[in-house]
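Below is one structure, written out as structure tokens; comments come after it.
The values are calculated or read from the model by the stated rules, or taken from the named source; none is laboratory data. Given the structure is predicted, the values throughout are model-derived calculations rather than measurements. Cβ atoms come from the backbone with ideal geometry, glycine included; neighbour counts cover every protein chain shown. Keep in mind that these areas ignore ligands, DNA and RNA; they rest on the heavy atoms of the full protein, side chains included. Shrake-Rupley method; radii C 1.70, N 1.55, O 1.52, S 1.80 Å.
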Amino acid sequence: MRKPIIAANWKMNIGPKEAEDFLSTFTSQLDNITDEADVVIAPPYVSIPAAVSALHSNSGVSIAAQNVSEQDSGAYTGEVSTMMLKELFVRYVIIGHSERRTLYGETNALINAKIKKARAANLKPIFCIGETLDQRESGKLEEVLRSQITEGLAGIDDKDMKEIVVAYEPVWAIGTGVVATVEQAQEAHAFVRSVIADLYSGELAEKIRIQYGGSMKADNAGELLAQPDIDGGLVGGASLEPQSFLELIRAAVAAG
Ligand code: 13P
């Protein structure tokens, strides 16, 4: 049985002060929900210290970064290293988000280097993959997902793979209000799991959590999480208010 994992990707929203306010409201209403689902918040880098200090040590909520450098240190203006994140008690790191791929030119090879660097520091990657509408409509869905997975995970052994969460985010569903149908999402998730089974083993693939991302909200989270291969969500817009994120988590947990 895979424990659901629901993660908030705040993207370039919510500064340090707002993060503190958000998390004090959010954690006061979480109840025991973190027994049933792993809850993760990914603030912008500058809001991470405020977010960490606003969390009670026993809140059960983990912090993620939205990105990380593939380098250790040195002349890399604007970059942040895994060691700096570790110092802030960050546990997860989103790697290969479609916005990083399309707006900042991240390739599968760079994403692979970042995953390796994250694992070397014992951070848990949330490894994002997903196709554009063009790719889906031209029948390339499986080809695109297979190459993102194969190249992104090249050289990652079983031990490290077990610590990776995969996020399937169809690009056409991100921030558009167009959510994939449950059938489309389940089909893609099952395919992703089968590729992982080919690369590793069926047994390992059964343990990997695959999140869905793209216009997930409280009113569609339940039916998505009820699908056999959907193990959580990576949530943008609906994670920006404590109440809407709490409602989404409750709906996901009730179904998952
Ligand atoms: P939305 O939930 O705003 O569509 O964003 C999804 C996403 O990109 C999460 O990483």
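For this structure, a couple of remarks:
- Any hit, region 105-125, residues being without any contact (Cβ under 8 Å) to a residue 12 or more places away in the chain and within 16 Å of the ligand (Cβ to nearest atom): yes
- For region 166-188, the candidate set comprises residues that are more than 23 Å from residue 208 (Cα to Cα) and small (Gly, Ala, Ser); within that set, the residue that is least open to solvent (accessible area, probe 1.4 Å) is 177.
Let's see how each residue does on (1) assigned to a loop (DSSP other than H, G, I, E, B); (2) farther than 21 Å from residue 128 by Cβ; (3) at pLDDT below 95:
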site	(1), (2), (3)
63	no, no, no
68	yes, no, no
71	yes, no, no
74	yes, yes, no
78	yes, no, no
83	no, yes, no
90	yes, no, no
99	no, no, no
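- Among the residues listed as 99, 163, the single one being within 14 Å of the ligand (Cβ to nearest atom) and open to solvent by 20 Å² or more (accessible area, probe 1.4 Å): 99
- Yes/no for residue 204 being open to solvent by less than 50 Å² (accessible area, probe 1.4 Å), out of contact with any Ser or Thr (no Cβ under 7 Å at 6 or more places or on another chain), assigned to a helix (DSSP H, G or I) and away from the ligand (no atom under 13 Å from the Cβ): yes
- Residue satisfying all of: in region 1-49; closer than 21 Å to residue 231 by Cα and assigned to a helix (DSSP H, G or I); most open to solvent (accessible area, probe 1.4 Å) among these: 35
- Test: residue in region 218-229 that is open to solvent by 40 Å² or more (accessible area, probe 1.4 Å), within 15 Å of the ligand (Cβ to nearest atom) and either touching a helix residue (DSSP H, G or I) at 6+ places or on another chain (Cβ under 7 Å) or not in a loop (DSSP other than H, G, I, E, B) (or both): yes
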